[in-house]
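The values are calculated or read from the model by the stated rules, or taken from the named source; none is laboratory data. The shown structure was predicted, so the numbers you read here are calculated from the model rather than taken from an experiment. Cβ sites come from the backbone with ideal geometry, for glycine too, and all protein chains shown count toward neighbours. What goes into the accessible areas is simple: the full protein's heavy atoms, side chains included, and nothing from ligands, DNA or RNA. Shrake-Rupley method; radii C 1.70, N 1.55, O 1.52, S 1.80 Å.
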Amino acid sequence: MGFADLSIAEIAEDYDLPVDEVFNLCNQLGIAYKTDKTRLALEDAKAIISQISSQRNGLGTNDS
């Protein structure tokens, strides 16, 4: 598995989100992390970005 060379903090900044929101996405998707500086595997970064895009397009899932 390759690395995307993106950290949680960088994704939060790129998508204008609070870091805690990206942490929540990681938790929902089962993505392990230690800090906001954690470098993500390529597939994990893609999953987070896909989820952000879906939510912004009104296609997010509702788990309730």
*Write out, first by first residue and then by second, each pair whose Cβ atoms fall under 8 Å of each other, whose residues are 6+ apart or on separate chains, and whose first residue, in the stretch 26-37, is in a loop (DSSP other than H, G, I, E, B) while the second is not aliphatic (A, V, I, L, M).*
I31/D44; A32/C26; Y33/F23; Y33/C26; D36/S7; D36/F23; K37/S7
*Give the number of residues within the stretch 1-31 that are out of contact with any Pro (no Cβ under 8 Å at 6 or more places or on another chain), at pLDDT 95 or above and hydrophobic (A, V, I, L, M, F, W, C).*
11
*asked:* With the requirement that a residue be under 10 Å from the mean Cα position of the chain (by Cα), open to solvent by less than 40 Å² (accessible area, probe 1.4 Å) and more than 17 Å from F3 (Cβ to Cβ), what does the stretch 24-54 give you?
replied: L25, Q51, I52
